[in-house]
Amino acid sequence: MRSPGDAVSRRNPLRISHHQEIAVPAQAPSCQHLQELAAQVGAALRTRERVLALAESCTGGWIAKIITDVPGSSGWFDRGFVTYSNTAKADLLGVRKATIATHGAVSGEVVAEMAAGALERSPADVVVAVSGVAGPDGGTADKPVGTVYLAWASRGDTPQIERRQFAGDREAVRRQTVAVALQGLLDVVARAP
């Protein structure tokens, strides 16, 4: 039997199939829009008989909240990991401390390891992982406030990574992150066999 540490040490978070940087205008989606996206995610997962898990940092469980607002979500949503601290990312998802030290908690490498860890620690077929700088503090020249990395992964596939640059206050950055995470899930599930 493999221990979770064995799987993490063999994981190659740098095998990223798609990495793009996208600037997004400060138009925070409405609650209704988020609820509609979550319902669409649920319908797509149910149709394809897939199960979802989440690994959230900057959103603090907001994606899981929107998902579980959908009636019947227990049929397609397994669990969410809220790993706000670096210690939680390492302890709960197996993110390597060396990855965090080298690339920072807000990086493509870390969200790739978060996604892989969520797949390893759940029966889910599909995951999304998010980590970002929601503000108002914490930004740097390389990663200003509004920088968010997202990773979508399906079991057996290389994660798709995106860096987004959101505008607006903390609420707007987090709300936009939830919307992009859900839209990306729709895209990943639509491509699944």
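Annotations for the structure displayed:
- Where a residue in the range 51-79 is under 18 Å from ARG170 (Cα atoms) and its partner, wherever it lies, is at pLDDT below 95 and not acidic (Asp, Glu), with Cβ under 8 Å and at least six apart: none
- Lone qualifier among ILE22, ILE16 - being within 30 Å of LYS143 (Cα to Cα), in contact with a Gly (Cβ under 7 Å, 6 or more places away or on another chain) and at pLDDT below 95: ILE16
- Total residues in the range 32-76, condition β-branched (Val, Ile, Thr), in a loop (DSSP other than H, G, I, E, B) and buried (at least 22 other Cβ atoms within 10 Å of the Cβ): 1
- Any hit, the range 82-89, residues being over 13 Å from the mean Cα position of the chain (by Cα), at negative phi, part of a helix (DSSP H, G or I) and without any contact (Cβ under 8 Å) to a residue 12 or more places away in the chain: yes
- Taken over the range 49-65, the criterion of being closer than 16 Å to VAL126 by Cβ and either touching a strand residue (DSSP E or B) at 6+ places or on another chain (Cβ under 9 Å) or among the β-branched types (Val, Ile, Thr) (or both) is satisfied by ARG50, VAL51, LEU52, ALA53, LEU54, ALA55, GLU56, ILE63, ALA64.
- Between VAL145, VAL173, the distinction of being open to solvent by 20 Å² or more (accessible area, probe 1.4 Å) and in contact with a Gly (Cβ under 6 Å, 6 or more places away or on another chain) belongs to VAL145 only.
- Checked against the criterion of being open to solvent by less than 20 Å² (accessible area, probe 1.4 Å), touching an Asp or Glu at 6+ places or on another chain (Cβ under 7 Å) and not aliphatic (A, V, I, L, M), the range 103-110 contains not a single residue that satisfies it.
- When ARG79 is tested against the conditions (1) touching a strand residue (DSSP E or B) at 6+ places or on another chain (Cβ under 8 Å); (2) in a helix (DSSP H, G or I), the lone failure is (2).
- Per this entry, ALA112 is not counted among residues that are assigned to a helix (DSSP H, G or I), without any contact (Cβ under 8 Å) to a residue 40 or more places away in the chain and under 28 Å from ALA167 (Cα atoms).
- Selected residue (criterion: farthest from THR59 (Cα to Cα)) from residues of the range 120-168 that are part of a strand (DSSP E or B) and small (Gly, Ala, Ser): SER154
- The set of residues in the range 141-190 that are free of Cβ contacts under 8 Å to residues at least 12 places away in the same chain and closer than 18 Å to VAL41 by Cβ is empty.
- Count - residues of the range 123-142 that are open to solvent by less than 10 Å² (accessible area, probe 1.4 Å) and either of a type in the set (Val, Ile, Thr) or under 30 Å from GLU49 (Cβ atoms) (or both): 7
- Condition met for GLY94 (within 14 Å of the chain's Cα centre (by Cα) and either open to solvent by less than 10 Å² (accessible area, probe 1.4 Å) or modelled with pLDDT of 95 or more (or both)): no
The values are calculated or read from the model by the stated rules, or taken from the named source; none is laboratory data. Predicted, not measured: the structure shown is a model, and the values here were computed from it. Reconstructed Cβ throughout: ideal geometry from the backbone, glycine too, with neighbour counts over all protein chains shown. Accessible surface areas use protein heavy atoms only, side chains included; no ligands, DNA or RNA. Shrake-Rupley method; radii C 1.70, N 1.55, O 1.52, S 1.80 Å.
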